[in-house]
Amino acid sequence: MPFAEDPAHLSKSRLKSDLVAHNVALPSAASKKAVYVELHLKHIDQKNAADFSSDEEDRADDKKDAEMPVPSCLTDEDLKAMLRKHGVKPGPITASTRVLYERKLHKLLQSDRRERLNEADKAVLYSDSEEEKKQQEKDQDSGSEKQPDPSDQTQKESSQCFLPSSRLRPCPPRNTESSSNWNSRNALKSSERSQSQCSQIISTSTADHHTGLGSTVLPRSKSTDDSSLSSQYFSITQMVEEMENSSSRSVTDNACEFNGTSVQENWAQSDRPPQEPVKDAFKDILPGSKTTPTGIYVTRRRPIKGAAQRPVQYSYPDSPVSPMTQQRREVERYLVPIHIQILVFIIVACVLYLIYVNVEGSLSYWSYGEDRLLVQAESQDAEADYAQD
Amino acid sequence: MSSTSQKHKDFVAEPMGEKPVMALAGIGEVLGKRLEDKGFDKAYVVLGQFLVLKKDEELFRDWLKDTCGANVKQQGDCYGCLKEWCDAFL
């Protein structure tokens with residue numbers, strides 16, 4: 001087991017960081033590694049030895065814990081190996097990177113543990129899923145079902161992912177009585193759970209879901225009044241809640257084993273985010289929507305452009321406009337539009353052409369006129385000549 | 001396209017040379033001072049740390065948060081800046 005580190009095998013920087021982490025005064029920078037090793041042995045290994053002996057008994061009970069080494073006690077090489085096992089390719093483990101890699105390994109180990117527990121739960125749940133269906137269909141007293149309830153509960157909760165259709169199908173055609181019975185069972189179960197230890201976190205989360213979604217896993221005291229409502233409101237949300245409750249319940253069981261509330265808190269907190277986003281997404285997207293009988297939220301789809309009786313609307317009133325187009329539009333208000341520019345150009349061209357033509361015409365007229373004048377002058381001269389003779 | 005700041009564009013446009021650590025996107029006066037106190041006085045030293053962490057985003061962000069207390073946006077800006085610089089010049 002790679003718990004007992006041999007300080008002589010560690011690098012000097014590693015020893016230094018270890019000593020700093022344990023608040024041991026560092027020797028002078030020029031001292032040899034042997035000095036660090038000594039100090040390390042003196043202070044840290046004693047501490048670890050004490051920890052180990054006290055933990056041994058706990059670990060003997062906890063097989064799961066026994067497999068999980070504490071990242072900060074590993075050597076650089078071991079830390080690297082553990083990270084590689086989880087599919088991470090770590091870079092060099094130096095004094096500055098060591099802490100980060102330890103944290104990463106810690107996170108990976110936690111998620112591993114979580115997965116293992118989930119798998120264990122699911123393995124139990126699959127085997128009993130058929131029994132649960134039969135029990136659902138029978139009309140039994142809620143009291144008599146208290147004992148099989150916990151197992152039912154866990155069954156329902158995990159199988160919710162896999163048998164939602166089968167769940168939904170029996171429900172609507174069923175008469176209200178049986179569904180109300182089932183729902184009252186839920187109420188009692190939820191009340192049992194809330195009373196159990198370490199369930200504060202659970203109850204707050206379920207309370208949130210109760211208020212937020214308007215779903216009807218029921219307030220604990222009432223079962224009969226709401227049963228009529230609940231029969232209408234049977235939904236997947238109930239199953240999701242139950243799953244969450246069971247998983248958190250299983251956490252409470254394990255919490256006692258693991259002998260640490262920190263584990264449970266981490267679990268509950270980390271378990272809630274994966275499930276809360278599912279529900280929070282609904283709340284966020286559709287905050288003002290009413291609850292529907294099936295719990296399914298649907299928004300009207302935008303109509304297809306140009307389809308029958310849906311004329312194409314070229315300019316939508318609230319279409320988003322990018323800043324570029326906004327700027328361009330503002331500028332264009334001041335500039336003269338292109339069509340008008342072209343029109344003006346053509347008009348000016350026509351005017352110039354007309355002027356040109358007129359000038360040409362008048363020139364020829366003038367020249368014609370000059371000829372006439374010349375002719376007149378000649379004739380006058382001629383007359384003058386004649387007059388002289 | 002996500003928008004990048006002018007600082008980011010300026011940094012990524014040329015080799016960093018001896019630029020101070022405050023030239024990095026996301027690192028202003030306060031964070032720059034903290035990094036300098038820890039010994040990261042030039043941008044290339046932070047680049048060194050970035051490369052030692054194998055350009056891993058999560059690890060670099062954690063390191064930045066631990067070292068100078070950068071918030072999520074600052075971490076993201078700095079990471080993006082260095083990553084782009086490496087893509088261009090490394």
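At pLDDT below 70 and part of a helix (DSSP H, G or I): is that true of residue A:102 in this structure? Give the derivation first.
Details: at pLDDT below 70: no; part of a helix (DSSP H, G or I): yes.
So residue A:102 fails the test.
Within region A:48-59, is there a residue that is more than 17 Å from residue B:61 (Cα to Cα) and at pLDDT 85 or above?
So far as region A:48-59 goes, no, none of its residues is more than 17 Å from residue B:61 (Cα to Cα) and at pLDDT 85 or above.
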Could you list all residues from region A:88-103 that are charged (D, E, K, R) and more than 8 Å from chain B (Cβ to nearest Cβ)?
A:98, A:102
Given (1) at pLDDT below 90; (2) within 11 Å of another protein chain (Cβ to nearest Cβ), where does residue A:75 come up short, assuming only one miss?
(2)
Can you tell me which residue among B:65, B:42 is within 14 Å of chain A (Cβ to nearest Cβ) and surrounded by 14 or more Cβ atoms within 10 Å (Cβ to Cβ)?
B:65
Could you identify the single residue in B:48, B:76, B:80 that is within 23 Å of residue A:88 (Cα to Cα), surrounded by fewer than 16 Cβ atoms within 10 Å (Cβ to Cβ), among the small types (Gly, Ala, Ser) and under 13 Å from the mean Cα position of the chain (by Cα)?
B:48
Residues located in region B:51-62, provided they are surrounded by fewer than 18 Cβ atoms within 10 Å (Cβ to Cβ) and either aromatic (Phe, Trp, Tyr) or more than 8 Å from chain A (Cβ to nearest Cβ) (or both):
B:51, B:55, B:57
Boolean, residue A:34 is at pLDDT 75 or above and either in a loop (DSSP other than H, G, I, E, B) or surrounded by fewer than 17 Cβ atoms within 10 Å (Cβ to Cβ) (or both):
yes
Just to be sure I understand, how many residues within region A:104-125 are surrounded by fewer than 16 Cβ atoms within 10 Å (Cβ to Cβ) and either under 21 Å from residue A:10 (Cα atoms) or within 14 Å of another protein chain (Cβ to nearest Cβ) (or both)?
3
Residue count, region B:40-83 (criterion: closer than 21 Å to residue A:101 by Cα and among the small types (Gly, Ala, Ser)):
4
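The values are calculated or read from the model by the stated rules, or taken from the named source; none is laboratory data. Since this is a predicted model, take the numbers as computed values, not measurements. Positions of Cβ are generated from backbone atoms using ideal geometry, with glycine treated the same way; all protein chains shown enter the neighbour counts.
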